[in-house]
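Written out below as structure tokens is the structure these notes cover.
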Amino acid sequence: MVNTLTDVERLFRTYNTQLVRYLTRRLGDRDWAEEVAQETFVRALRQTEIVNERAWLFAVATNLVRDEARRDSRRRRHLALLAEQERESRTEPEPTTLERAQEAAMARKAVDALAERDRLALLMREEGLEYPEIAEALRLSPGSVGTTLSRARRRLVESYESLQREREAREKNAAS
Amino acid sequence: MPHLDEGTIHAWIEGALPPDEAALVEEHVAGCDECGAAVAEARGLIAAASRMLTALDDIPGGVIPSRAPRPTPWYMRRELQAAAAVLIVAGMTLLVTRGGRQQEMTASRAALGVRSVVLDTGVAPPPEAAVAAAPVGGSKTPKRTETKPASVTARVPAAIEQSFQKEIESKEARDIAEPPKALALAPTASPATIGTPMRVVSVDRRIGRKQTTYEISPGVQVVLVEEPATALSEVVVTGTVAGVAPTARRAESARLQSARQKTRDSTLSPTVQPAPAETQAQGPSPAQINSIQWTDPETGSRYTLTGPLTREQLELVKARLAEAKR
């Protein structure tokens, strides 16, 4: 039973950090991630029974993101565009900061390039969810989690490396 | 056994395979170079992917919020949270302190036309704040702040002060529209008197003593006695009830005196200021005559303020006098 405030408080204490990080990585927006995480815990309060807490939380959070993303996709796209423009127009004060920002931007692009299910599985795994939990949260067959994760990792790393090569080529061109 | 597929290798590395299956994989990897290389590659991919996901959290001050480099929002900062907690506690303490007196205070404020002080002098902050923070009717040693209302109010957070002010004013507005019982008991202090400035009725100087009679609103007079004192005295609140037989009053004052003797310096004999006859005559209902006493820490002078008012009202008059002096 997870329908008392104490239970949900315990859930919150145990999983909020992971869930917010997962959602932040998924959404690229910490505030949005926190909103979704909070909504997830509110839903948990309404739930009479949760068998696997962590899988349930991640599944509900993922569904919330999907629902909201569908609803707000156009608005979000517009905002993302604005954010991108803003990012490009801004000059970073320190080289290390710029370096890290570039790495993060590339990582973001590479993550965004993944198929949704691969991306979610990978992000959940990063938060320590076990294979059966990922299967439950994403409604995958338990045997396919390994395949999903290995595909996600390979594609992520490949996309990142390709972005890195592009950048190096650009910098080389700019230098010459 | 055929070569291992990538999914199985990842699952095996991450300990997600059942024991029997894991044992088979282990055995195969040990004997198969190709699969051994695949395992090494998979380990690299797992580590690299993990690193990239961590990089997502790492945008400094960017539009994509991240955890580490993002400045903590002001409302999350510990020191501010602590400060806020202090303010809240202070505010609640004030609320609690004032809450009990609210009715009385409201009535007295209406009666004394405290708002007129604010309007007359144009000096912020209002004297209510000083009264709220000062040990009203208490037996504490008077502080400098009592004669300087401004310094007291300076310690009261502005926001809290404002919210009280609003609360009080809205309550006042209601009370003025519908005078409560407290007002009915002091009919001389009608809402019509609000805004009436204090007027000096008479000044009586004797040796080592100055007695000033103020009219704070039509028909309501208070007497301020100023005595140069050599020692510090404490705030003394005395009370006598008009209409009670003189013997009873004497007995009452004697009782109060003996009670006070226990608590304060015996060399300072407490003064129960007899209320002037005309003041007593003003109240058609048995108005209570009270006195408050304090010492100016700068001059050492001792003051006694007497009038047909509650102690809180007298404190307000005191605040007004202090305000007028400045």
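Overview of values
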quantity	calculated
Among (1) surrounded by fewer than 23 Cβ atoms within 10 Å (Cβ to Cβ); (2) farther than 16 Å from B:GLU215 by Cα; (3) in contact with a helix residue (DSSP H, G or I) (Cβ under 7 Å, 6 or more places away or on another chain) - the single one B:SER301 does not satisfy	(3)
Hits in the range A:128-146 - residues which are surrounded by fewer than 19 Cβ atoms within 10 Å (Cβ to Cβ) and at the interface with chain B (Cβ under 10 Å from one of its Cβ atoms)	A:GLU130, A:PRO132, A:PRO142, A:GLY143, A:SER144
Number of the exception - A:PRO93 against (1) assigned to a loop (DSSP other than H, G, I, E, B); (2) facing chain B (nearest Cβ under 10 Å); (3) modelled with pLDDT of 90 or more	(3)
A:ARG74 vs. criteria modelled with pLDDT of 90 or more and either out of contact with any His (no Cβ under 8 Å at 6 or more places or on another chain) or under 26 Å from A:ILE134 (Cα atoms) (or both)	no
Cβ-Cβ under 9 Å pairs, at least 6 apart or on other chains, the range B:12-33 side under 15 Å from A:PRO132 (Cα atoms), far side among the β-branched types (Val, Ile, Thr)	B:TRP12/B:VAL25; B:TRP12/B:VAL29; B:TRP12/B:VAL39; B:GLU14/B:ILE46; B:ALA16/A:VAL145; B:LEU17/B:THR8; B:LEU17/B:VAL25
Verdict on A:LEU45 being surrounded by 18 or more Cβ atoms within 10 Å (Cβ to Cβ) and not charged (D, E, K, R)	no
Residue match in the range B:35-43 (condition: closer than 20 Å to A:GLY143 by Cα, in contact (Cβ under 8 Å) with a residue 24 or more places away in the chain and loosely packed, with under 14 Cβ neighbours inside 10 Å)	yes
Members of the range A:122-133 that are under 21 Å from A:ALA110 (Cα atoms) and part of a helix (DSSP H, G or I)	A:LEU122, A:LEU123, A:MET124, A:ARG125, A:GLU126
Selected residue [assigned to a helix (DSSP H, G or I) and under 14 Å from the mean Cα position of the chain (by Cα)] from A:ALA55, A:ALA59	A:ALA59
Long-range neighbours under 6 Å by Cβ, at least six apart or interchain, first residue more than 14 Å from A:ARG25 (Cβ to Cβ) within the range A:117-137, second of a type in the set (A, V, I, L, M, F, W, C) and buried (at least 24 other Cβ atoms within 10 Å of the Cβ)	A:TYR131/A:VAL145; A:ILE134/A:ALA121; A:ILE134/A:MET124; A:ILE134/A:VAL145; A:ALA135/A:VAL145; A:ALA137/A:PHE58
Residue tally, condition of a type in the set (A, V, I, L, M), within 11 Å of another protein chain (Cβ to nearest Cβ) and under 15 Å from A:GLY128 (Cα atoms), over the range A:1-33	1
Residue that is farthest from B:THR310 (Cα to Cα) [pool: residues in the range B:218-233 that are assigned to a strand (DSSP E or B) and at pLDDT 75 or above]	B:GLU227
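The values are calculated or read from the model by the stated rules, or taken from the named source; none is laboratory data. Not measured: the values here are computed from a predicted model. Cβ sites come from the backbone with ideal geometry, for glycine too, and all protein chains shown count toward neighbours.
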